[in-house]
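This report refers to the structure that appears directly beneath it.
The values are calculated or read from the model by the stated rules, or taken from the named source; none is laboratory data. Model, not experiment: these values are computed from the prediction. Cβ placement follows ideal geometry from the backbone for every residue including glycine, while neighbour counts extend to all protein chains displayed.
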Amino acid sequence: MRALRYWFDSNLQQHDNYAEQAGIDWLRIIPFIGLHLGCLAVFWVGVSTVAVAIAVGLYLLRMFAITAFYHRYFAHKSFKTSRPVQFLFAFIGASATQRGPLWWAAHHRQHHRHADQHRDPHSPKQGFIWSHMGWFLSRKHFRADLSLVPELTRFPELRWLDRFDIAVPVLLAVILYMTGEGLAAWQPALNTSGWQLVTWGYFISTVVLIHATLLINSLAHRIGSRRYQTQDDSRNNFWLALLTLGEGWHNNHHYHAASARQGFYWWEIDISYYLLWCMQKLGLIWDVRSISKQKRDARAFRRESVQ
Ligand SMILES: [Zn+2]
Ligand SMILES: [Zn+2]
């Protein structure tokens, strides 16, 4: 892994000690490898239309829970909602196997406070692989600094999701297995099974989901354009925005992190925001924060005039 990190990032030498001191934790790595190995079961269980549809559906649902709630709501407070809706999406987000909402939000707030500085948990300046996945596989980041999320620790149900972060993923796998076995018994024409739905709906869907999310920490600080001259290396990247339902407008986001909308212009596709807009119309969320037209345009135009 060390050699790979060097290969990806020539700047690594100056930050070399950071990753080494953080300590890669094999107890965290083994389940993470297991998650990937689980995908190989596809060679035994095969594929069916229903299995792929469930994998895609769960990817989209959980990506929305991660982007709109774990990120924009829990980490950035970009809108308000009721306690049941807060819990519902924390619960769905927890099934993405990216730890609990408190852990996620605390690390993300640390990222914004120190973006691409030494105390950033996952800057690509410390190596591309480190920024992608080394950081959360390390002992240093196993526990979150919960003093960064004081308003969230008030909720026992959120603390529970954080404490037992494996519970919801296991529940999802069990539900998928039972659904698959049920369909195999009652709808054999669908050509599915319990293990097939677990493989596609949990393992494959989750691994793709995790890496798509992680690309925002790694690639979105490396590849793309910079509309705003922020203090960090964040980029806007159309392809990452498609993949992550809107998170690819990461330079926009670092410029004005409080905005629930990350695609600042109509052509910047931000599917999570469109869904949040619908939820607002339905009265499920409110006080949705945005960016003023003046702030949005001022820096962009200033940059263009400099060039
Ligand atoms: Zn960032
Ligand atoms: Zn953020």
Next on the checklist: With the requirement that a residue be away from ligand 2 (no atom under 15 Å from the Cβ), over 11 Å from the mean Cα position of the chain (by Cα), assigned to a helix (DSSP H, G or I) and of a type outside the set (Val, Ile, Thr), what does the stretch 60-92 give you?
Outcome noted: 60, 61, 83, 84, 86, 87, 88, 89, 90, 91
Next on the checklist: Against the conditions (1) more than 16 Å from ligand 1 (Cβ to nearest atom); (2) over 15 Å from residue 213 (Cα atoms); (3) not in a loop (DSSP other than H, G, I, E, B), where does residue 153 fall short? Just the number, please.
Outcome noted: (3)
Checklist outcome for this item: Within the stretch 105-134, residues being assigned to a loop (DSSP other than H, G, I, E, B), within 12 Å of residue 222 (Cα to Cα) and away from ligand 2 (no atom under 16 Å from the Cβ) number 1
Item to check | Those residues of the stretch 175-195 which are assigned to a helix (DSSP H, G or I) and not small (Gly, Ala, Ser), in sequence order | outcome: 175, 176, 177, 178, 179, 181, 183, 186, 188, 190, 195
Next on the checklist: So, residue 193, is that one touching a helix residue (DSSP H, G or I) at 6+ places or on another chain (Cβ under 6 Å) and modelled with pLDDT of 95 or more or not?
Outcome noted: yes
Item to check | residue 267 assigned to a loop (DSSP other than H, G, I, E, B) and over 20 Å from residue 62 (Cα atoms) | outcome: yes
Item to check | Selection within the stretch 201-255 - within 15 Å of ligand 2 (Cβ to nearest atom), closer than 20 Å to residue 275 by Cβ, crowded, with 23+ Cβ neighbours inside 10 Å and not hydrophobic (A, V, I, L, M, F, W, C) | outcome: 244, 246, 247, 248, 250, 252, 253
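Residues checked against (1) of a type in the set (A, V, I, L, M, F, W, C); (2) at pLDDT below 95; (3) surrounded by 14 or more Cβ atoms within 10 Å (Cβ to Cβ):
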residue	(1), (2), (3)
18	no, yes, yes
23	no, yes, no
26	yes, yes, no
32	yes, yes, yes
42	yes, no, yes
52	yes, no, yes
55	yes, no, yes
76	no, no, yes
96	yes, no, yes
Checklist outcome for this item: Considering residues that are within 12 Å of ligand 1 (Cβ to nearest atom), under 15 Å from residue 270 (Cα atoms) and either assigned to a helix (DSSP H, G or I) or touching a strand residue (DSSP E or B) at 6+ places or on another chain (Cβ under 9 Å) (or both), the number found within the stretch 236-259 is 9
